[in-house]
Amino acid sequence: MQPKVKQVHVARGHVTGTWLDPHYVFHYVVAGSWLFRLETRLYRVRTGDVLLCPPNVLHFVKPVSGRRPSLYVVHFELPDVPNDEGLDIPEAFTVPARHRQRLAARFLALRREYVGREPAGALITAGIMLEMIGLCIRHCGRPAPFEHVMSKSWRNVEQALRFMEANSTRRLSVREISDRARLSASYFCRVFKEYAGLSPQQYLNRLRIERARALLADPAHNCTEIAGMCGFADVHTFSKVFKRLEGVSPTQWARQMGPFVPRRERF
C-alpha cells in the first residue's frame, strides 16, 4: 500500500461547504466541534476525533462551536488498494488523548514536506502518510456514533451538486441547475439550502473562489483572467465575492498565501 498525497492544508473555522472528492480525505479535529455529513450519515465530531471520508462520497462540513475551530486535512490516494476494498478504519473515531500529539506532529511534518517540494518529497510524504494511517488503524478503537438524516429530495440535490461541480466555470442560472435536479426553482432552492447549508449561488461562489485560490498561485494569470476562468461576470464581481469570503482582496491573498495554496482536485 503506497499512499499518494494529493493535498495538505489546515481548514479554519470559516470553512463550510459540500465536496465530492475522487480520493480519501483525512480530517483530524484540532479544535472546536464540527458537523460532518457523509450522504445520509451525520457525525458530530470534536477535538481529537478523526473522520476519514472515502473516495467519491459527497460530504458536508460545518464548524458548530469552539473559539477557533480548525481541522488538519490530507487528500490522498491508495493506488494499490482496489476501490471496493477501502481502508479497514471506521469513518469516524476518537484518538486516545495520549496519542494525539504524535498524530498532530506527523501531520505538521507532512505539511512541511509537501509545501517544501524538496527532492524525494513524494516518497517522504508517502512514508509519513503511511505512518499516520498505521496510527489510525492502531488507535481507532470504537467507531463514533452517527445519526441517520434524510433531507427531502436529497438525491435530486446531489445531481445538482455534481452538475455544479462540473460546470462552475461557466454562467449557471438557478433555473438551469434546478432543471438538472428535476425540481421547480423555488422548491430546489429550499431543499438545496437544507442539504448543503448554503444557497445555490453561495455554493457556486465557493466553488469558484476555491478554483481562484489555486490560480492565484500562478503569476502567469492576472485577476481579470482568473475572474473569467472561474465563471465570474467581471473582475469587480470576482474581487467583491473573494473579499467577502476570504476577508482580503485577491491580490493581498496571493501575496500572503500564494506559497501555501492547497491545490484541490475535484471530481
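The values are calculated or read from the model by the stated rules, or taken from the named source; none is laboratory data. Not measured: the values here are computed from a predicted model. Glycine gets a Cβ as well: all are built from the backbone with ideal geometry, and neighbour counts include every protein chain shown.
How many of the residues in region 211-237 are in a helix (DSSP H, G or I), more than 18 Å from E165 (Cα to Cα) and over 20 Å from the mean Cα position of the chain (by Cα)?
Residues in region 211-237 being in a helix (DSSP H, G or I), more than 18 Å from E165 (Cα to Cα) and over 20 Å from the mean Cα position of the chain (by Cα): 6 in total.
Pairing residues of region 43-60 that are surrounded by 19 or more Cβ atoms within 10 Å (Cβ to Cβ) with residues that are in a loop (DSSP other than H, G, I, E, B) and of a type in the set (A, V, I, L, M, F, W, C), at Cβ distances under 7 Å and at least 6 apart in sequence or on separate chains, gives Y43/A144; Y43/F146; V45/A144; D49/A144; V50/V95; L52/L87; L52/I89; L58/L20. Cβ-Cβ distances below 6 Å connect the following pairs, each with a first residue in region 223-237 that is over 14 Å from N205 (Cα atoms), a second residue that is surrounded by 15 or more Cβ atoms within 10 Å (Cβ to Cβ), and a separation of six or more residues or different chains: C223/V235; C223/P250; T224/V235.
The set of residues in region 182-203 being under 18 Å from R37 (Cβ atoms) and touching a residue at least 24 places away in the same chain (Cβ under 8 Å) consists of V191, F192, E194, Y195, A196, G197, L198, P200, Y203.
Hey, could you check region 198-210 for residues that are touching a strand residue (DSSP E or B) at 6+ places or on another chain (Cβ under 8 Å) and either outside the structural domain of E158 (by TED's automatic domain parsing) or assigned to a helix (DSSP H, G or I) (or both) and say which is nearest to S173 (Cα to Cα)?
Just the residues of region 198-210 that are touching a strand residue (DSSP E or B) at 6+ places or on another chain (Cβ under 8 Å), to begin with: 198, 203, 206.
Narrowing the set further to residues that are either outside the structural domain of E158 (by TED's automatic domain parsing) or assigned to a helix (DSSP H, G or I) (or both) leaves 203, 206.
Working: Y203: 13, R206: 16 Å.
Out of the qualifying residues, it is Y203.
Looking at S153, is it at pLDDT 90 or above and small (G, A, S)?
On the way: at pLDDT 90 or above: no; small (G, A, S): yes.
No: the conditions fail for S153.
For residues that are closer than 18 Å to V8 by Cβ and surrounded by 14 or more Cβ atoms within 10 Å (Cβ to Cβ), scanning just region 217-265, find the one that is modelled with the lowest pLDDT. If we take residues in region 217-265 being closer than 18 Å to V8 by Cβ and surrounded by 14 or more Cβ atoms within 10 Å (Cβ to Cβ), then R264 is modelled with the lowest pLDDT. Tallying residues that are in contact with a His (Cβ under 8 Å, 6 or more places away or on another chain) and either surrounded by fewer than 19 Cβ atoms within 10 Å (Cβ to Cβ) or without any contact (Cβ under 8 Å) to a residue 40 or more places away in the chain (or both) within region 90-102 yields 2. Among the residues of region 217-257, just one is touching a Leu at 6+ places or on another chain (Cβ under 8 Å), of a type in the set (G, A, S) and closer than 26 Å to V115 by Cα, namely A254. None of L87, L71, L38 is touching a residue at least 40 places away in the same chain (Cβ under 8 Å) and in contact with a helix residue (DSSP H, G or I) (Cβ under 9 Å, 6 or more places away or on another chain) except L87.
Table: residues versus (1) buried (at least 19 other Cβ atoms within 10 Å of the Cβ); (2) touching a Cys at 6+ places or on another chain (Cβ under 7 Å).
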{"residue": "V174", "(1), (2)": "no, yes"}
{"residue": "A181", "(1), (2)": "yes, no"}
{"residue": "S186", "(1), (2)": "no, no"}
{"residue": "R190", "(1), (2)": "no, no"}
{"residue": "G197", "(1), (2)": "no, no"}
{"residue": "P200", "(1), (2)": "yes, yes"}
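Among the residues of region 174-199, those identified as of a type in the set (S, T, Y) and out of contact with any Asp or Glu (no Cβ under 9 Å at 6 or more places or on another chain) are S178, S184, S186, Y187, S199.
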